[in-house]
Amino acid sequence: MSQLSKRSTLSLRREWRLFDRERASQKNFLKLCDRMIEVGEFLLAHDVARAGLRMHKNDKFLSQRAAHALCKAGSPKLATKILEELVASGGRDVESESLLASCYKDLCEYSTTEESKFRYADLAIARYEDAYNVQVQKKSDKLEDLEKQYYPCINIAFMHYVFQDFKKSHEYARAAREICRKLRSKGKTSYWIQATEGEASLLLGQVDAAVEAYQVAVGRKDALPSCVASTRKQALQIASLSEDMAIRDKVEGAFPLMGIVACSGHVIDNPGEVRRFPPEAEMVAKKKIDEVLNSLGATCGYSSAACGTDILFLETLAERGGETHVFLPFSKDEFIETSVRRAGGNWIARFEHVLDHATSVHYVTNEGYYGDDSLFSFCNQVMLGFAAMRGRGLDEDPNLMVIWDGNPGSMGGTGELVQAWRGEFNEPEVINPSEILSGIGGIDQNIIHSSKVRSAFSERLGDEINPVRSVKTMLFADVQAYSQVVEEKTSEFVNAFHGGIAAMLAKLKRDPAFVNTWGDSFFAVFDELEDALNLALEIRDYFNKGEWSELLSGGSMEVRVSMHAGPVHEEYDPILRKRNFFGRHVNQAARIEPIVLPGSVFVSETVAALISFGYDAYDFEYAGNLELAKDFGSYPIYMLQRRGYSGDDDNE
């Protein structure tokens, strides 16, 4: 099956790093972007298209790809803006119109009010009809004209079906299926032609014919993961509208999943420690990991890289030709000392090998360990968030695989991760160490359980005089038009800005760990991410919806809000005479704020990942890989919003 073929993401990422952006033609950018979209690397594809647009300004095809990648990544609002500008400038071709309609369709799905849902549905249908009718009016049976008809036609049928206009839905479904059959009679076949026939049959209530067509489609060589994910999502939406659950089960069974798997588990035992995972059990463990990966159809994995379970998982998945995404809680050298060297043998060499061949490597912080075990918990949360973000783009729930004895364990350990996973997704795939030991002959198979397991990561490294360090969320807010505040209105500004935020702080469940202000700026540090998310959106809405024109000599008083999370140093500040927070992650939050679109909240990729795992009231859209202020470097940045779209979503 094509989804299980060797992933090309690793080579694509390397190709992008080596890509000659200054000399590349428009076609070079397009080709690389398309290949990234094919394997579901939508955010990276967007960055490629955006880079191409900087070199080839206003190129229609690069604009289409940038918007398409954004929409597939779950950012239809930002994608809509790109396409509306493209269509307004004269790009009224079938692809531009259909892509814009697709964005409206997603906005309709995510809408939280009936008014908004119907508004976006009408916009989607109108755009699809424009695209379809332009081709129909040509009255041509040429291949190139027929190929432009079936996509908008089937989506018109889908939209009418969702809103229960079954007569129109059936009319367009029959038309779409007839177009596909004409194409096949002319010798033209493709994944999308076959999948469209399947959807048309499903809309017409012919479930068995639909399943058969879908199975043929996903078995084709051109059945790419992102295409299959898109088809599967729409097919399940149709099936879910039936009261017969057997229909959904039958349709779901026609589609393979990408097989996104996060992994955690016990490290190899140290001599004299609890007997959970002895070195001689390695090969049995690897075999069981491979069996679980086979059962899950795994092709994309997320894990740290400690000796034992992590490295075995990464090696096994790489041997299957899958993607491997590695997450380290702090600097590489110190991670080796805390989590790899302890097992002896060749584990360090194997660690280096899995990093060298990983699709991506993410550091929660590039700084040191300093004996802070909370970084392991934080790394797990970020890793699970990234797995959830990948599943979001492919409309697929990820899985968790663990080697775990069922005991709670230490901070940042497998037990903690399993508990969090069960609360958010599904039951994890658990390999019990007793199963591994039972497959080994000639050794004591009794597992020694202890109610108090010593942390494997307790030794402090680095400077002996360590500051207090912990994971926090930092928020910066700044008023754009502060220089235009009328002098005699200064007191009113202070009451509006400082007083307004003070009132919002009073409503929070927990006080921030720290707050500070200067002029038109506000800085806060939070123990809990949700408090920061809540305050950020409250500040945004307060200024976006308020009337401040009397305070200004011109312009509008819009606020810019930025957020980032990470380990920060807490010190006594002799100037403020109270504790304050310092470090690179505070700086990163501050460097995001100057690039924020006025009236918006921008967050780091770390915050976006954390939102993806356990914060259902919040959402985000990808803003791009952006250069931060003061030469801090470029980072993936996201726009924070509440879950769903309402009638006020223009302010989102």
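The values are calculated or read from the model by the stated rules, or taken from the named source; none is laboratory data. For clarity, every value in this text was computed on a predicted model and none was experimentally measured. We place every Cβ from the backbone using ideal geometry, glycine too, and count neighbours over all the protein chains shown.
Could you tell me whether the stretch 563-575 includes any residue that is within 26 Å of Y542 (Cβ to Cβ), in a loop (DSSP other than H, G, I, E, B) and either in contact with a His (Cβ under 7 Å, 6 or more places away or on another chain) or modelled with pLDDT under 90 (or both)?
We begin by selecting, within the stretch 563-575, every residue within 26 Å of Y542 (Cβ to Cβ); these are 563-565.
Of the ones still in play, those that are also in a loop (DSSP other than H, G, I, E, B) are none.
Within the stretch 563-575 (the criterion being within 26 Å of Y542 (Cβ to Cβ), in a loop (DSSP other than H, G, I, E, B) and either in contact with a His (Cβ under 7 Å, 6 or more places away or on another chain) or modelled with pLDDT under 90 (or both)), the answer is no, since none of the residues qualifies.
G415 fails exactly one of the following numbered conditions: (1) in contact with a helix residue (DSSP H, G or I) (Cβ under 7 Å, 6 or more places away or on another chain); (2) at pLDDT 75 or above. What is the number of that condition?
(1)
Could you go through the stretch 621-642 and let me know if any residue there is more than 23 Å from L53 (Cα to Cα), β-branched (V, I, T), assigned to a strand (DSSP E or B) and touching a residue at least 24 places away in the same chain (Cβ under 8 Å).
No, the stretch 621-642 has no match at all.
Please indicate, with yes or no, whether at least one residue in the stretch 258-265 is over 30 Å from T338 (Cβ atoms) and outside the structural domain of I289 (by TED's automatic domain parsing). Explain how you work it out, then say what you get.
Applying the first criterion (over 30 Å from T338 (Cβ atoms)) to the stretch 258-265 yields 258-259.
Subsequent filtering for residues that are outside the structural domain of I289 (by TED's automatic domain parsing) retains 258-259.
Within the stretch 258-265, one or more residues are over 30 Å from T338 (Cβ atoms) and outside the structural domain of I289 (by TED's automatic domain parsing).
State yes or no: is G415 more than 18 Å from the chain's Cα centre (by Cα) and outside any helix (DSSP H, G or I)? Give the derivation first.
Working: more than 18 Å from the chain's Cα centre (by Cα): yes; outside any helix (DSSP H, G or I): no.
Considered against the rule, which asks whether it is more than 18 Å from the chain's Cα centre (by Cα) and outside any helix (DSSP H, G or I), G415 comes out as no.
Does at least one position in the stretch 78-94 carry a residue that is surrounded by fewer than 24 Cβ atoms within 10 Å (Cβ to Cβ), under 29 Å from R642 (Cα atoms) and among the basic types (K, R)?
For the stretch 78-94, residues surrounded by fewer than 24 Cβ atoms within 10 Å (Cβ to Cβ), under 29 Å from R642 (Cα atoms) and among the basic types (K, R): present.
Keeping to the stretch 340-367, report how many residues are within 27 Å of the chain's Cα centre (by Cα), surrounded by fewer than 20 Cβ atoms within 10 Å (Cβ to Cβ) and either more than 16 Å from D310 (Cβ to Cβ) or acidic (D, E) (or both). Walk me through how you get there before you give the answer.
Pass one, the stretch 340-367, residues within 27 Å of the chain's Cα centre (by Cα): 351-367.
Then keep just the ones that are surrounded by fewer than 20 Cβ atoms within 10 Å (Cβ to Cβ); that gives 352-353, 355-357, 360-363, 366.
When the remaining residues are screened for being either more than 16 Å from D310 (Cβ to Cβ) or acidic (D, E) (or both), the result is 352, 356, 366.
Within the stretch 340-367, residues that are within 27 Å of the chain's Cα centre (by Cα), surrounded by fewer than 20 Cβ atoms within 10 Å (Cβ to Cβ) and either more than 16 Å from D310 (Cβ to Cβ) or acidic (D, E) (or both) number 3.
Would you call I436 crowded, with 18+ Cβ neighbours inside 10 Å and either closer than 15 Å to S264 by Cα or of a type in the set (A, V, I, L, M, F, W, C) (or both)?
Details: crowded, with 18+ Cβ neighbours inside 10 Å: yes; either closer than 15 Å to S264 by Cα or of a type in the set (A, V, I, L, M, F, W, C) (or both): yes.
Answer is yes for this residue.
Count, please, the residues in the stretch 274-313 that happen to be among the acidic types (D, E) and either within 20 Å of H353 (Cβ to Cβ) or surrounded by 17 or more Cβ atoms within 10 Å (Cβ to Cβ) (or both).
Just the residues of the stretch 274-313 that are among the acidic types (D, E), to begin with: 280, 282, 290-291, 310.
Then drop every residue that is not either within 20 Å of H353 (Cβ to Cβ) or surrounded by 17 or more Cβ atoms within 10 Å (Cβ to Cβ) (or both), which leaves 282, 290, 310.
Matching residues across the stretch 274-313 total 3.
If you scan the stretch 616-652, which residues turn out to be at pLDDT 90 or above and within 14 Å of the chain's Cα centre (by Cα)?
Y618, D619, F620, P636, I637, Y638, M639, L640
Name the helices (runs of 4 or more DSSP H) wholly within the stretch 201-285 that hold at least 2 residues that are over 30 Å from L314 (Cβ atoms) and among the basic types (K, R)? Show your work before the answer.
Details: elements: 207-218, 225-240, 245-252.
In the stretch 201-285, the matching helices (runs of 4 or more DSSP H) lie at 245-252.
Among the listed residues R579, R591, which satisfies the condition of being part of a strand (DSSP E or B), basic (K, R) and surrounded by fewer than 24 Cβ atoms within 10 Å (Cβ to Cβ)?
Values: R591 fails: part of a strand (DSSP E or B).
Being part of a strand (DSSP E or B), basic (K, R) and surrounded by fewer than 24 Cβ atoms within 10 Å (Cβ to Cβ) holds for just one of R579, R591, which is R579.
Give the residues of the stretch 22-44 that are assigned to a loop (DSSP other than H, G, I, E, B), in contact with a Gly (Cβ under 7 Å, 6 or more places away or on another chain) and modelled with pLDDT of 85 or more, sorted by residue number.
Taking the stretch 22-44 and keeping what is assigned to a loop (DSSP other than H, G, I, E, B), we get 22-25, 39-41.
From what's left, in contact with a Gly (Cβ under 7 Å, 6 or more places away or on another chain): 40.
None; the set is empty.
In this structure, does V94 turn out to be at pLDDT below 95 and farther than 18 Å from M159 by Cβ?
Working: at pLDDT below 95: yes; farther than 18 Å from M159 by Cβ: no.
It is false that V94 is at pLDDT below 95 and farther than 18 Å from M159 by Cβ.
Any residue in the stretch 161-184 that is in a loop (DSSP other than H, G, I, E, B) and under 27 Å from E38 (Cα atoms)?
First, the residues of the stretch 161-184 that are in a loop (DSSP other than H, G, I, E, B): 163-165.
Filter once more, so that each one left must be under 27 Å from E38 (Cα atoms): none.
Checked the stretch 161-184: no residue is in a loop (DSSP other than H, G, I, E, B) and under 27 Å from E38 (Cα atoms).
Restricting to the stretch 232-253, name every residue that is surrounded by 12 or more Cβ atoms within 10 Å (Cβ to Cβ) and acidic (D, E).
E252
Here is a check on your reading of the model: is M258 surrounded by fewer than 21 Cβ atoms within 10 Å (Cβ to Cβ) and not β-branched (V, I, T)?
no
Which residue, of K77, K148, K105, is in the same structural domain as K233 (by TED's automatic domain parsing), touching a residue at least 24 places away in the same chain (Cβ under 8 Å), closer than 30 Å to F386 by Cβ and not hydroxyl-bearing (S, T, Y)?
Details: K77 fails: in the same structural domain as K233 (by TED's automatic domain parsing); K148 fails: closer than 30 Å to F386 by Cβ.
K105 is the lone residue from the list that is in the same structural domain as K233 (by TED's automatic domain parsing), touching a residue at least 24 places away in the same chain (Cβ under 8 Å), closer than 30 Å to F386 by Cβ and not hydroxyl-bearing (S, T, Y).
When you scan the stretch 159-175, do you find a residue that is surrounded by fewer than 17 Cβ atoms within 10 Å (Cβ to Cβ), over 31 Å from the mean Cα position of the chain (by Cα) and of a type in the set (F, W, Y), even just one?
Step one: of the stretch 159-175, the residues surrounded by fewer than 17 Cβ atoms within 10 Å (Cβ to Cβ) are 163-168, 171, 174.
Subsequent filtering for residues that are over 31 Å from the mean Cα position of the chain (by Cα) retains 164-168, 171, 174.
After this cut, where a residue has to be of a type in the set (F, W, Y) as well, the list is 166.
Within the stretch 159-175, one or more residues are surrounded by fewer than 17 Cβ atoms within 10 Å (Cβ to Cβ), over 31 Å from the mean Cα position of the chain (by Cα) and of a type in the set (F, W, Y).
Restricting to the stretch 308-339, name every residue that is closer than 25 Å to T606 by Cα and either in a loop (DSSP other than H, G, I, E, B) or polar (S, T, N, Q) (or both).
Across the stretch 308-339, the qualifying residues are T309, G322, T324, P329, F330, S331, T338, S339.
Residues of the stretch 236-257 being in contact (Cβ under 8 Å) with a residue 60 or more places away in the chain and either in contact with a Leu (Cβ under 9 Å, 6 or more places away or on another chain) or not assigned by TED's automatic domain parsing to the domain that holds V218 (or both), which ones?
I238, P256, L257
Conditions (1) touching a residue at least 40 places away in the same chain (Cβ under 8 Å); (2) in the same structural domain as H362 (by TED's automatic domain parsing); (3) not small (G, A, S), marked per residue:
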site: E570; (1), (2), (3): yes, no, yes
site: I575; (1), (2), (3): no, no, yes
site: A589; (1), (2), (3): yes, no, no
site: V607; (1), (2), (3): yes, no, yes
